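Please read the structure below before turning to the comments.
A short reminder: the numbers here are calculations on the coordinates, not readings from a lab. Computed from a predicted model, the values in this text were never measured in an experiment. Using ideal geometry, Cβ is built from the backbone for each residue, glycine included, and neighbour counts are taken over all protein chains shown.
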Amino acid sequence: MRKFAFRAPGRVNLIGEHTDYNGGFVLPAAIDLYTTAVAESIDEPRLVIHSSNFNETHEFNIEDETPRGDWTDYPRGVYVMLRRAGVKLTGANLAIRGDVPLGAGLSSSASIEVAVASSLIALDLSEDEKPTTQKSLNLALLCQKAENEFTEARCGIMDQFIAVHGLVGRAIMLDCETLHHTPAPIPTGLSLVIANTMVKHALAGGEYNQRRSECESAAKKLGVPSLRHATLAMLPTARLAPSELRRARHNITENTRVLQFVEAAKHNDLATLGQLMAASHASLRDDFEVSCPELNAMVEAAQTLPGLIGARMTGGGFGGSTINLVHTEDVPAFREQLAAAYQRLTSITPQIIVTKASAGVHACSI
Ligand code: GLA
């Protein structure tokens with residue numbers, strides 16, 4: 001039986017939050033935490049999925065396309081979408097293990113989807129008969145579709161895209177309307193420090209989809225195809241509900257901040273990077289309303305510490321993590337002091353992860 005293993009990274013977004021599903025700009029980096037998927041073809045029409053993290057094994061008929069409302073929907077959604085896209089898949093054993101923390105806003109779900117899709121495609125690619133559809137198969141879009149249709153999350157393209165296209169030592173500036181993407185430098189001497197608040201508020205999923213609907217209705221009222229095309233000058237005369245106005249304003253200002261951030265990074269303008277991250281966090285807190293007391297406490301605590309260039313929440317919000325750009329020589333003291341300050345403020349012990357921008361999905365040993 002043929003067997004293939006692929007691993008796909010989680011991600012951290014430097015700036016450009018809640019802009020991806022509005023055709024805007026994002027600046028994520030893949031991180032050095034991964035999900036590994038091992039796929040083995042079997043002769044029966046069964047999909048057997050084992051997760052080492054949950055220590056569970058579940059079995060499905062390959063014709064069954066009904067979501068179950070648990071973790072298996074992520075790998076199964078991918079399997080179903082691949083078959084619908086014309087990839088010839090028979091039965092398979094799928095073993096999944098990962099070290100991307102779950103619920104930390106670091107895209108463990110996209111890393112599962114992309115690792116699973118890559119290992120399943122490899123099974124099919126080694127067949128004699130190779131459908132040409134595979135060559136044009138856009139892995140990131142397929143995985144996003146799997147998540148949109150198999151789980152309740154109407155997520156954008158950022159997480160799956162960076163899990164596929166991540167680069168060592170670089171962030172990726174992605175235009176989510178055209179999917180045009182360019183590597184962006186991370187200034188030398190700076191480290192990416194992720195601070196996991198260790199909370200994930202239950203309302204996250206519903207609020208996420210609600211934000212997306214509010215953005216769509218704001219764009220419609222503004223007469224633009226997406227908020228990517230809105231400008232601040234349009235807002236005063238538009239008949240937007242107060243919440244729609246705030247969502248639109250966040251998107252317009254956040255897109256500008258992403259472009260400014262990329263320029264500032266090129267010119268090593270660290271002060272501007274810090275200001276843009278602070279403004280992004282404030283906008284997510286006040287205009288987009290996706291922050292929470294724990295994320296605010298983590299950002300505020302970081303802002304008092306030596307070595308910090310900038311701090312903001314990263315990912316969908318309502319808990320999860322912050323991203324901190326920190327002078328590398330200050331990282332040991334920074335992580336200790338941040339953990340202590342957050343614990344003092346919230347009585348919660350955070351998880352501090354020092355990460356490196358890393359490569360997107362790749363084959364690995366079994
Ligand atoms: C989640 C989604 C992404 C993106 C971010 C917010 O991570 O999966 O598509 O919308 O939230 O920027």
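Collect residues whose amide H, placed 1.01 Å from N in the peptide plane, falls under 5 Å from the amide H of residue 33; neighbours closer than 5 in sequence don't count.
Correct list: 10.
What is the Cα centroid distance between segment 169-191 and segment 91-116, reported in whole angstrom?
23
Which distance in Å, rounded to a whole number, links the C-alpha centroids of segment 230-303 and segment 21-80?
Taking the Cα centre of segment 21-80 as reference, the centre of segment 230-303 is 33 Å away.
Name the residue from 196, 322, 252 whose Cα lies farthest towards the positive end of the charge dipole of segment 190-355, charges +1 on Cβ of Lys and Arg and -1 on Cβ of Asp and Glu.
Of the listed residues, the answer is 252.
What helices in the chain pass both tests, a Cα length along the helix axis of 20 Å or more and a mean Kyte hydropathy of -1.0 or higher, using whole DSSP H runs?
Both cut-offs are met by 108-125, 242-266, 270-286, 331-346.
Below 8 Å, C-alpha to C-alpha, sequence gap of six or more: please give me the relative contact order for the chain in percent.
25
Pick out which of 223, 274, 16 has the largest mean-square fluctuation in a Gaussian network model of the chain, springs linking Cα atoms closer than 10 Å.
Highest fluctuation of the listed residues: 223.
Taking the Cα atoms of the chain, report the difference between the largest and smallest coordinate on each principal axis, in whole Å and largest first.
Ordered largest first, the chain gives principal extents of 59, 50, 38 Å.
More than 16 Å apart: what percent of Cα pairs in segment 212-321 qualify?
Of all Cα-Cα distances in segment 212-321, 61 percent exceed 16 Å.
Looking at the P(r) of segment 195-266, how many percent of alpha-carbon pairs lie beyond 19 Å?
Summing the P(r) of segment 195-266 above 19 Å gives 46 percent of all pairs.
Relative contact order, percent, of segment 190-355 when contacts are C-alpha pairs under 8 Å separated by at least 6 residues?
On the way: 260 pairs, mean separation 58.0, N = 166.
Relative contact order, segment 190-355: 35 percent.
Do you know the relative contact order of segment 303-366, to the nearest whole percent, from alpha carbon pairs under 8 angstrom that are 6+ apart?
Once normalised by length, the contact order is 23 percent.
Sum up the lysine pairs in the chain that clear both bars: alpha-carbon distance under 20 Å and a spacing of 8 or more or different chains.
7
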